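What follows is a set of notes on a single structure, which appears directly below.
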Amino acid sequence: MADGLISVLLLGMMCGLIFHISKNAAEVNKYNRKPNFILILADDIGWADLDANVPESKKNNTPHLNLMAEEGLRFTDFHSPASTCSPSRAAILTGRYGLRNGVTHNFAVGSVAGLPLSEVTLPQLLQKAGYFTAMIGKWHLGHNGPYGPNKRGFDYYYGVPYSNDMGCTDVPGCNLPQCPPCDPPSGPQKSTHDGCFSKVGLPLIENGTIVQQPLDLWTLTEQYKSAATRIIQNARERGQPYFLYIALAHMHVPLAPPPDPSATNDNVYATSLQEMDGLVGAIKSISDETDRDNTLIWFTGDNGPWETKCQYAGSVGPFVGKWQTSRGGGSAKQTTWEGGHRVPTIAYWPDRIPANTTSSALLSGMDIFPTLLSLANVTPPADRRYDGTDATNILLKGGKSGHEFLFHPNSGAAGTFGYLQTVRMGRYKAFYLTGAAKACGGATGKPQIHDPPLIFDLQGDKAEEAPLQSSTPEYWALVEQIARRREQLLWDIATDRSVSTANYNTDGSAVPCCDPQQAACRCDALG
């Protein structure tokens with residue numbers, strides 16, 4: 001009897017031990033697998049377009065992103081690396097300011113080059129580490145020859161080589177107000193405004209081949225959803241970790257038409273925002289179904305709203321740049337005012353990132369590069385200097401420390417492209433140059449050099465309305481700290497042997513065109 005009881009107890013202990021070892025092994029195996037990464041980049045999105053950022057005025061335009069914020073980590077002080085498209089995207093993929101990677105302003109339809117070939121990109125490094133790398137959406141870092149996404153680290157690419165308003169379509173709507181169609185039945189038409197960039201059809205490209213030109217913008221969201229689904233499911237079936245970069249056309253100019261002919265203009269932007277949110281929700285859903293616990297989804301924006309679009313632009317919330325707007329000119333996209341670069345950002349990773357948390361750490365899109373490499377256990381090349389910081393501790397452990405100093409480059413308003421004339425230090429922000437960006441209505445602020453700089457305390461002055469008085473000791477202490485750090489960085493860049501220079505030359509032969517015999521370039525492999 002006693003021997004039988006002892007045997008039962010020993011058997012129970014052995015079963016418990018085996019269960020414990022198996023459970024621990026499963027946990028170790030789960031966290032030893034290389035994680036999947038989905039990076040979603042919205043175009044020209046406002047900080048306050050995310051309902052979760054402004055709960056007091058919630059419009060229910062972003063329910064899926066709101067849920068992602070509830071289940072993940074929402075950043076309140078996250079910034080795009082620049083305030084226009086190409087420089088921001090280049091900095092995200094290289095972890096370097098534009099003065100280092102060479103990309104300081106946008107590439108054109110006829111650009112012969114792009115992100116310098118000397119630059120090493122995030123997908124290239126992940127690809128070498130065994131990742132399947134894929135991109136869907138807007139590239140805008142050079143489409144000619146070796147500059148396309150398939151040559152810069154992506155195994156698969158499906159999308160548009162530049163902005164969705166940099167080419168015509170048969171069904172107007174790629175720009176608002178609308179541009180003429182590529183081939184109107186009644187013959188050539190004149191544009192009623194100067195926002196129509198090209199008479200060449202907007203191309204849809206798959207792995208270097210134009211599959212549709214001009215593309216149908218109204219079906220683009222569904223096509224992107226289908227492509228993302230295939231990529232995630234196929235990677236899962238292969239058992240291969242993946243990096244999926246989705247650069248949405250939303251909200252550069254609204255893609256979704258009004259819900260009905262009597263809808264107001266205000267509803268056009270809201271409808272497009274809802275469509276974008278639905279696409280994000282669909283991507284999250286398929287990711288959760290395939291590898292929920294091993295996939296980090298990071299949503300952010302490339303820059304703030306395009307203010308000159310007026311009612312078709314997003315909302316900056318409290319970050320209105322009053323000092324500038326009271327003197328004329330814009331304070332969103334292209335500028336270094338908060339509305340130009342503070343963007344809605346969410347990180348979601350079940351069981352790894354604590355749910356329903358918020359971080360006020362000062363971070364940048366440049367930090368995505370070192371953070372994803374760190375999580376994938378990949379070491380970046382040591383032959384170059386980086387400006388991003390590894391935010392792993394903030395993501396996974398609630399760390400508080402982001403950038404001590406963050407620099408915002410001139411991005412098309414006043415001054416030389418890419419030059420670092422706005423500096424963030426903790427709660428303070430210094431401007432050495434302001435003005436020259438268009439506001440809704442076309443007014444342009446006068447460029448002004450500030451020596452000593454304007455300094456705002458963002459903790460009590462989110463609107464950037466009243467700079468600190470230059471007569472106080474506090475002000476001069478800040479000036480000294482900021483100036484010293486700025487000079488150090490500029491000297492560091494000036495002596496950096498890894499600095500690249502982009503070629504911004506254009507040529508008609510570089511325009512993506514599937515059939516040069518057709519005025520608008522026409523092909524349709526999807527038909």
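The values are calculated or read from the model by the stated rules, or taken from the named source; none is laboratory data. Model, not experiment: these values are computed from the prediction. Cβ atoms come from the backbone with ideal geometry, glycine included; neighbour counts cover every protein chain shown. Just the protein is used for accessible areas: all its heavy atoms, side chains included, with ligands, DNA and RNA removed. Shrake-Rupley method; radii C 1.70, N 1.55, O 1.52, S 1.80 Å.
Pro354 meets each of the listed conditions (1) open to solvent by 30 Å² or more (accessible area, probe 1.4 Å); (2) within 22 Å of the chain's Cα centre (by Cα) apart from (2).
Just to be sure, is Leu141 surrounded by 20 or more Cβ atoms within 10 Å (Cβ to Cβ), in contact with a Leu (Cβ under 7 Å, 6 or more places away or on another chain) and within 29 Å of Pro350 (Cα to Cα)? Please lay out each step first, then the result.
Working: surrounded by 20 or more Cβ atoms within 10 Å (Cβ to Cβ): yes; in contact with a Leu (Cβ under 7 Å, 6 or more places away or on another chain): yes; within 29 Å of Pro350 (Cα to Cα): no.
No, not satisfied.
Counting only residues that are modelled with pLDDT under 90, assigned to a loop (DSSP other than H, G, I, E, B) and more than 16 Å from Pro180 (Cα to Cα), region 196-224 holds 0 of them. Of all the numbered requirements in (1) open to solvent by less than 80 Å² (accessible area, probe 1.4 Å); (2) touching a strand residue (DSSP E or B) at 6+ places or on another chain (Cβ under 9 Å), Leu526 misses one, and that requirement is (1). The set of residues from region 144-164 being surrounded by 22 or more Cβ atoms within 10 Å (Cβ to Cβ), touching a Gly at 6+ places or on another chain (Cβ under 7 Å) and farther than 19 Å from Arg230 by Cα comprises just one member, Tyr147.
Being part of a helix (DSSP H, G or I), without any contact (Cβ under 8 Å) to a residue 40 or more places away in the chain and of a type outside the set (Ser, Thr, Tyr) is the filter here; which residues of region 263-287 pass it? Spell out how you get there, then give the answer.
Start the filter on region 263-287 by keeping residues that are part of a helix (DSSP H, G or I), which leaves 265-287.
Next, only the ones that are without any contact (Cβ under 8 Å) to a residue 40 or more places away in the chain stay: 267, 271-272, 285.
Passing the criteria: only Asn267.
Is it fair to say Ala430 is within 25 Å of Lys333 (Cβ to Cβ), in contact (Cβ under 8 Å) with a residue 24 or more places away in the chain, among the small types (Gly, Ala, Ser) and in contact with a strand residue (DSSP E or B) (Cβ under 6 Å, 6 or more places away or on another chain)?
On the way: within 25 Å of Lys333 (Cβ to Cβ): yes; in contact (Cβ under 8 Å) with a residue 24 or more places away in the chain: yes; among the small types (Gly, Ala, Ser): yes; in contact with a strand residue (DSSP E or B) (Cβ under 6 Å, 6 or more places away or on another chain): yes.
For Ala430, the condition - within 25 Å of Lys333 (Cβ to Cβ), in contact (Cβ under 8 Å) with a residue 24 or more places away in the chain, among the small types (Gly, Ala, Ser) and in contact with a strand residue (DSSP E or B) (Cβ under 6 Å, 6 or more places away or on another chain) - is met.
To keep it simple, each residue is scored yes or no on (1) over 20 Å from the mean Cα position of the chain (by Cα); (2) farther than 20 Å from Pro467 by Cα; (3) of a type in the set (A, V, I, L, M, F, W, C).
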| position | (1), (2), (3) |
| --- | --- |
| Ile368 | no, yes, yes |
| Ser374 | no, yes, no |
| Gly399 | yes, yes, no |
| Gly426 | yes, no, no |
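Within region 209-226, residues that are touching a residue at least 24 places away in the same chain (Cβ under 8 Å) reach partners that are among the polar types (S, T, N, Q) and crowded, with 20+ Cβ neighbours inside 10 Å with beta carbons closer than 6 Å, at six or more positions or on different chains, in the pairs Pro214/Thr169; Leu217/Thr169.
Going by the conditions given, is Arg100 assigned to a helix (DSSP H, G or I) and of a type outside the set (A, V, I, L, M)?
On the way: assigned to a helix (DSSP H, G or I): yes; of a type outside the set (A, V, I, L, M): yes.
Taking the combined requirement at face value, the residue satisfies it.
Among the residues of region 55-80, those that are open to solvent by less than 10 Å² (accessible area, probe 1.4 Å) and not in a helix (DSSP H, G or I) comprise Thr62, Gly72, Leu73, Phe75, Phe78, His79, Ser80.
On the given criteria, is Thr422 without any contact (Cβ under 8 Å) to a residue 40 or more places away in the chain and among the β-branched types (Val, Ile, Thr)? Outline the logic, then answer.
On the way: without any contact (Cβ under 8 Å) to a residue 40 or more places away in the chain: no; among the β-branched types (Val, Ile, Thr): yes.
So Thr422 fails the test.
Within region 275-320, the residues that satisfy the criterion of being touching a Cys at 6+ places or on another chain (Cβ under 8 Å) and of a type outside the set (S, T, N, Q) are Asp302, Glu307, Lys309, Cys310, Ala313. Restricting attention to region 330-349 and to residues that are of a type outside the set (Lys, Arg) and open to solvent by 10 Å² or more (accessible area, probe 1.4 Å), the residue that is farthest from Asp461 (Cα to Cα) turns out to be Gln334.
Quick check: anything in region 383-397 open to solvent by 50 Å² or more (accessible area, probe 1.4 Å), within 26 Å of Arg427 (Cβ to Cβ), in a loop (DSSP other than H, G, I, E, B) and not aromatic (Phe, Trp, Tyr)? Break it down into steps so the answer makes sense when it comes.
Of region 383-397, the ones open to solvent by 50 Å² or more (accessible area, probe 1.4 Å) are 383, 385-386, 390, 393, 397.
Keeping just the survivors that are within 26 Å of Arg427 (Cβ to Cβ) gives 386, 390, 393, 397.
From what is left, the residues that are in a loop (DSSP other than H, G, I, E, B) are 386, 390.
Subset that is not aromatic (Phe, Trp, Tyr): 390.
Yes: region 383-397 contains one or more residues that are open to solvent by 50 Å² or more (accessible area, probe 1.4 Å), within 26 Å of Arg427 (Cβ to Cβ), in a loop (DSSP other than H, G, I, E, B) and not aromatic (Phe, Trp, Tyr).
Beta carbons closer than 8 Å, at least 6 apart along the sequence or on distinct chains, never pair a first residue in region 296-323 that is free of Cβ contacts under 8 Å to residues at least 40 places away in the same chain with a second that is of a type in the set (Gly, Ala, Ser) and surrounded by 23 or more Cβ atoms within 10 Å (Cβ to Cβ). If you go through region 85-114 and keep only what is of a type in the set (S, T, N, Q), under 18 Å from the mean Cα position of the chain (by Cα), under 24 Å from Trp306 (Cβ atoms) and open to solvent by less than 10 Å² (accessible area, probe 1.4 Å), you end up with Ser86, Ser88, Asn101. Within region 427-441, the set of residues being open to solvent by less than 40 Å² (accessible area, probe 1.4 Å) and not charged (D, E, K, R) comprises Tyr428, Ala430, Phe431, Tyr432, Leu433, Thr434, Gly435, Ala436, Ala437, Ala439. Of all the residues in region 448-466, those that are closer than 19 Å to His341 by Cα and in contact with a strand residue (DSSP E or B) (Cβ under 7 Å, 6 or more places away or on another chain) number 6. Within region 455-479, the set of residues being surrounded by 11 or more Cβ atoms within 10 Å (Cβ to Cβ) and over 24 Å from Gly330 (Cβ atoms) comprises Ser470, Glu474, Tyr475, Trp476, Leu478, Val479.
Annotation note: Cβ proximity below 9 Å between a residue of region 490-512 that is without any contact (Cβ under 8 Å) to a residue 40 or more places away in the chain and a residue that is of a type in the set (Lys, Arg) and surrounded by 15 or more Cβ atoms within 10 Å (Cβ to Cβ) (sequence gap 6+ or interchain) occurs for Arg497/Arg384. Only one entry in Ala466, Ala494 is more than 29 Å from Ser86 (Cβ to Cβ) and of a type in the set (A, V, I, L, M), namely Ala466. Checking the condition on the phi < 0 side of the Ramachandran plot and open to solvent by 40 Å² or more (accessible area, probe 1.4 Å), which residue from Pro512, Pro452 passes? Every option except Pro452 fails the conditions.
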